[in-house]
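A.B. asks: Handing you this structure, nothing more for now.
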Amino acid sequence: MRSNRKEVPVKNKTGVYKQFYWCEATSTWKPTGKYRSVRRVSVGETSQREQAFFSNIADALKFRQSGSGDERFDESSIGSVKEDGTNDLVFRDLVEQWKKYHFLLIEESTRQTYEKLLPTLDFLLDYPLRKIDNTVLNRLAHFWVNDYPRSWRRKSFEKEWQLLRVILQHYKDEIPDGASFVMPSFRKVKKMTELVPHVEGEVRFLDAEETVVFLSELRKRHRTFYHAALIQYFFALRVGEVCGLFKDCIDLKKKTIMIRRSVHWDVATWVPKIKEYTKTKRVRFLPIPDVLETELQCLLEAGDPQCSLLLARTDGSPLNRKTIATYYNKVLKDLGFTHVSGTHFLRKTAATLANEAVGDIDAVSRFLGHSSVRVTRRYTGETDSQKVKVSRALSSVFRVDGGAAQMFERSVDPQKPAIRLVK
């Protein structure tokens, strides 16, 4: 039976929930105009959970931070988890400690991804860390699959499990009280939240022929974006590394290019910011292929001498990632390549085709600047030529003299059954 009410976490507003009711007339969820805000306050040596309803999100946020609410209600009515009077660290406090420490170590784009995923862990906010075991994770998996609102595109909660593992690992490694904490097993519960069966070779990329068609079409339509795609493909770069390339990073005499900077965009304002390091904080030197040498020479000669960027807008600022992705998607749609989108598919395409040609994933991993080969494996998809090579390798056993004739040419006549020897 369908519940006539539900709550949805407000995006990027931890602890604030928007309420909806089911309208039978229109068969849709409609907002009630109410928000539920949850906060934790200290009373003496204990920590208590307070909640209230509000008619607007501003008052809900004010209550969440430091305000007070008049419409209090008993938290037992929503089935929340109450503490047993102990002073154990709760998951909410752990998240705040983890953010102060971990957010200094990661890239801005990763931090924004974590911020988007954190509301999915609100189920655990009031659990003491010592009580988070496999039983609690089973409840969390059941909540995600049955009650948590999700878009039709979601296939699994794998990223949410990875974030939870990172937070709990921080508790175990960095906080003295967590030294004896036993990490629960994620293997079984992860299978419970796989909404769509995993498909082998689901990495989205363009094959060699499609890549040539896509780049050729870009060359006809937009020269700047064509050069951006060309550089991203031949050096298997992130789009931020392409937009952060300076002219002094290209050495045509030595035929090398230095990858040391990256551009980050604020997803709210899309204001670019050039950082003096890449995502992995490593400087890479990559060889310039002969087919790209002429294009780079033309870019260096035709560029604005007052601008240090290799690719830039008319005002000298870095290119906008959103604008690039939008244009790529339009070209891909016109060509009928609807299985890829955005900008990162070019990096995955380069990784897949390089692995197919070289057959050395370690070399491909170092070329891409990944921290481990395990990361590179998520970038490389399966190609038909690789499967053909494996099939031919399995068939090579019958190339010995008489091997194929012995197995396939001497077949039993279906009209004359084989004689069974009976002792």
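A.B. asks: Would you check if Met183 is out of contact with any Phe, Trp or Tyr (no Cβ under 9 Å at 6 or more places or on another chain), among the hydrophobic types (A, V, I, L, M, F, W, C) and under 30 Å from Leu89 (Cβ atoms)?
C.D. replies: Yes, satisfied.
A.B. asks: Just to be sure before I move on: is Ser341 assigned by TED's automatic domain parsing to the domain that holds Val239 and in contact with a helix residue (DSSP H, G or I) (Cβ under 9 Å, 6 or more places away or on another chain) in the structure I sent?
C.D. replies: yes
A.B. asks: Could you tell me how many of the residues in the range 237-276 are of a type in the set (S, T, N, Q) and exposed (fewer than 13 other Cβ atoms within 10 Å of the Cβ)?
C.D. replies: 1
A.B. asks: Just to be sure before I move on: is Thr323 of a type in the set (Ser, Thr, Tyr) and under 18 Å from Asp207 (Cβ atoms) in the structure I sent? Don't jump to the end; show me each part of the working.
C.D. replies: Details: of a type in the set (Ser, Thr, Tyr): yes; under 18 Å from Asp207 (Cβ atoms): no.
No.
A.B. asks: With the requirement that a residue be within 26 Å of the chain's Cα centre (by Cα), among the β-branched types (Val, Ile, Thr) and either not in a loop (DSSP other than H, G, I, E, B) or not assigned by TED's automatic domain parsing to the domain that holds Arg313 (or both), what does the range 230-269 give you?
C.D. replies: Selection gives Ile231, Val239, Val242, Ile259, Val263.
A.B. asks: Quick test for you: out of Gln48, Gln97, pick the one residue that is surrounded by 11 or more Cβ atoms within 10 Å (Cβ to Cβ), of a type in the set (S, T, N, Q) and at pLDDT below 80.
C.D. replies: On the way: Gln97 fails: at pLDDT below 80.
After applying the criteria, what remains is Gln48.
A.B. asks: Identify the residue in the range 116-128 that is assigned to a helix (DSSP H, G or I) and modelled with pLDDT of 90 or more and, among all such residues, is nearest to the chain's Cα centre (by Cα).
C.D. replies: Residue satisfying both the conditions and the ranking: Leu117.
A.B. asks: Please go through the range 375-396 and pick out each residue that is free of Cβ contacts under 8 Å to residues at least 40 places away in the same chain and within 14 Å of Phe345 (Cα to Cα).
C.D. replies: Thr376
The values are calculated or read from the model by the stated rules, or taken from the named source; none is laboratory data. Here the structure is a predicted model, which is why all the values come from computation and not from measurement. Glycine gets a Cβ as well: all are built from the backbone with ideal geometry, and neighbour counts include every protein chain shown.
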